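Notes for the one structure printed next.
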Amino acid sequence: MTAKPRLFSGMQPSADSLHLGNYIGALLSWKELQETHEAFFFLADLHAITVPQDPTALRENTRRTAAQYIAAGIDPSRSTLFVQSHVPAHAQLAWVLNTITGFGEASRMTQFKDKAAKQGNDAASVGLFTYPILQAGDILLYQANQVPVGEDQRQHVELTRDLATRFNSRFGETFTVPEAYILKETAKVFDLQNPQSKMSKSSESPAGIVWVMDDEKTTAKKIMRAVTDADASVTFDRENKPGVANLLTIFSVLGERSIESLENEFAGRGYGDLKKALAELVTSILGPIRTRTLELLDDPAELDRILAINADRASEVAEATLAQVYDRMGFLPRATLR
Ligand code: TYM
């Protein structure tokens with residue numbers, strides 16, 4: 001039997017709920033890919049501290065995000081679901097990779113530039129700057145073949161590939177060079193109020209983000225109020241009708257239908273009909289996930305136990321890679337005391 005290809009991905013537990021972009025751009029494909037891959041999914045809490053955070057909220061959000069992964073269909077007895085800070089090798093490998101990353105190379109990361117500009121350049125931390133290098137370490141520790149993410153993470157996976165290739169050529173074959181797995185149609189879900197920008201935790205318009213943990217009424221209201229255009233025809237035109245194109249994309253992915261069949265169904269009908277049908281679909285999917293998440297959160301000790309078992313599983317793989325890296329770097333092994 002040949003080994004299944006390895007998969008690695010994760011999210012930052014930086015809010016009390018995931019949003020529809022995270023669900024469509026990442027979770028949906030994770031759920032499917034865990035069937036055919038040996039999958040590792042983690043909660044990137046070390047990444048979450050690269051912007052100012054509240055310690056109590058981070059702890060709580062880490063559990064909440066783990067519960068949402070499970071509620072959305074990630075099976076922790078099949079996929080390894082763990083917390084980044086439970087596996088110290090992440091921070092250790094990041095340090096090594098820092099030393100083979102160029103300053104100019106790191107300066108070209110567009111997500112850093114965006115986030116730093118938001119905070120004001122003087123307020124941005126060195127941790128925010130080296131964030132993509134920590135991310136590269138996450139992926140390389142598990143020798144992942146594929147990294148399923150949304151479009152906004154493509155550049156970080158490219159950097160990971162460059163660092164893996166560089167390390168391998170300087171120090172000998174050590175890392176698998178991973179590939180980004182990005183589905184074209186789900187790569188980017190846009191903000192409902194501002195359909196030129198991606199749906200994002202840090203968005204300025206709360207009405208533009210659909211949270212997985214929102215109640216059904218709130219979700220339906222947000223969809224009914226989504227920005228469209230004055231044209232009133234349900235056709236897919238990303239350039240000229242970005243609001244409608246976004247609604248059609250969400251509908252098509254969640255309803256597993258082609259855009260064309262939706263255009264046909266809603267031809268000659270107003271945007272109200274489209275939004276109403278979409279609101280029903282979205283709430284029928286997110287509603288049960290929210291309910292299940294709340295059930296899981298009722299038993300935090302059990303959740304913590306699952307995360308601990310999975311951290312052990314993750315550590316085994318991560319430690320083996322790190323030991324090889326340390327050896328290749330020329331670190332003196334620590335002697336075993338008798
Ligand atoms: P994060 O927490 O910002 O986002 C988690 C996942 O959701 C996707 N995503 C979207 N997809 C479509 N439309 C959107 N509007 C949208 N918004 C977010 C993201 O592309 C991502 O897949 N740096 C990562 C976390 C990370 C990581 C890793 C990921 C740390 N180390 C190693 C993969 C492998 C991040 O901030 O994701």
Task: Filtered residues of the range 36-52 (kept if modelled with pLDDT of 95 or more, surrounded by fewer than 20 Cβ atoms within 10 Å (Cβ to Cβ) and more than 11 Å from Arg6 (Cα to Cα)) - done: Ile49
TODO: Go through (1) of a type outside the set (S, T, N, Q); (2) in contact with a His (Cβ under 7 Å, 6 or more places away or on another chain); (3) under 17 Å from Thr283 (Cα atoms) and name the single condition Lys201 misses.
DONE: (3)
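May I ask you to verify whether Thr36 is on the phi < 0 side of the Ramachandran plot, part of a helix (DSSP H, G or I) and in contact (Cβ under 8 Å) with a residue 12 or more places away in the chain?
No; evaluated as a whole, the condition is false for this residue.
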Open item on the list: Looking at the structure I just gave you, is Phe103 away from the ligand (no atom under 14 Å from the Cβ) and either at pLDDT 95 or above or in contact with a Gly (Cβ under 9 Å, 6 or more places away or on another chain) (or both)?
Closed with: yes
Open item on the list: For the range 59-106, give me each residue that is within 16 Å of the chain's Cα centre (by Cα) and basic (Lys, Arg).
Closed with: Arg63, Arg64
Task: Residue, nearest to the ligand (Cβ to nearest atom), within the range 147-158, restricted to residues that are in a helix (DSSP H, G or I) and crowded, with 20+ Cβ neighbours inside 10 Å - done: Gln153
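With open to solvent by 10 Å² or more (accessible area, probe 1.4 Å) and modelled with pLDDT under 95 as the only criterion, which of Arg269, Arg292, Arg328, Arg313 stands out?
Working: Arg292 fails: modelled with pLDDT under 95; Arg328 fails: modelled with pLDDT under 95; Arg313 fails: modelled with pLDDT under 95.
Matching residue, one of Arg269, Arg292, Arg328, Arg313: Arg269.
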- [ ] Quick one: which residue in Ala15, Ala91, Ala3, Ala57 is open to solvent by 10 Å² or more (accessible area, probe 1.4 Å), assigned to a loop (DSSP other than H, G, I, E, B) and away from the ligand (no atom under 11 Å from the Cβ)?
- [x] Ala3
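Looking only at the range 160-193, filter to residues that are of a type in the set (D, E, K, R) and outside any loop (DSSP other than H, G, I, E, B); which one of those is surrounded by the fewest Cβ atoms within 10 Å (Cβ to Cβ)?
Arg170
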TODO: Quick one: in the range 18-28, of everything that is part of a helix (DSSP H, G or I) and within 9 Å of the ligand (Cβ to nearest atom), which residue is nearest to Val147 (Cα to Cα)?
DONE: Ala26
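Does the range 124-183 hold any residues that are farther than 23 Å from Arg313 by Cβ and among the aliphatic types (A, V, I, L, M), and which are they?
We begin by selecting, within the range 124-183, every residue farther than 23 Å from Arg313 by Cβ; these are 124-133, 150-159, 161-163, 165-173, 177, 179-180, 182-183.
Once the filter is applied, which keeps residues that are farther than 23 Å from Arg313 by Cβ and among the aliphatic types (A, V, I, L, M), the range 124-183 yields Ala124, Val126, Leu128, Ile133, Val157, Leu159, Leu163, Val177, Ala180, Ile182, Leu183.
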Open item on the list: Take Gln84 and tell me if it is of a type outside the set (Ser, Thr, Tyr) and farther than 21 Å from Tyr23 by Cα.
Closed with: no
Open item on the list: Here's a check for you: in the range 253-266, which residue that is over 16 Å from Ile223 (Cα atoms) and small (Gly, Ala, Ser) is least open to solvent (accessible area, probe 1.4 Å)?
Closed with: Ser261
TODO: Test Ala116 against the stated conditions and say whether it is open to solvent by less than 40 Å² (accessible area, probe 1.4 Å), part of a helix (DSSP H, G or I), within 18 Å of Asp45 (Cα to Cα) and small (Gly, Ala, Ser).
DONE: no
TODO: Within the range 295-310, work out how many residues are surrounded by 16 or more Cβ atoms within 10 Å (Cβ to Cβ) and either in contact with a Ser or Thr (Cβ under 7 Å, 6 or more places away or on another chain) or not hydrophobic (A, V, I, L, M, F, W, C) (or both).
DONE: 1
Open item on the list: I need the full set of residues from the range 212-241 which are in a helix (DSSP H, G or I) and either of a type in the set (Ser, Thr, Tyr) or crowded, with 18+ Cβ neighbours inside 10 Å (or both), in order please.
Closed with: Thr218, Thr219, Ala220, Lys222, Ile223
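Consider Thr249 carefully, then state whether it is of a type in the set (S, T, N, Q), crowded, with 19+ Cβ neighbours inside 10 Å and more than 30 Å from Lys31 (Cα to Cα). Let's see the steps before the verdict.
Values: of a type in the set (S, T, N, Q): yes; crowded, with 19+ Cβ neighbours inside 10 Å: yes; more than 30 Å from Lys31 (Cα to Cα): no.
When the stated conditions are applied, Thr249 does not pass them.
The values are calculated or read from the model by the stated rules, or taken from the named source; none is laboratory data. All of these numbers come straight from a predicted model, not from anything done at the bench. Positions of Cβ are generated from backbone atoms using ideal geometry, with glycine treated the same way; all protein chains shown enter the neighbour counts. Surface accessibility is based on the protein's heavy atoms, side chains included, excluding ligands, DNA and RNA. Shrake-Rupley method; radii C 1.70, N 1.55, O 1.52, S 1.80 Å.
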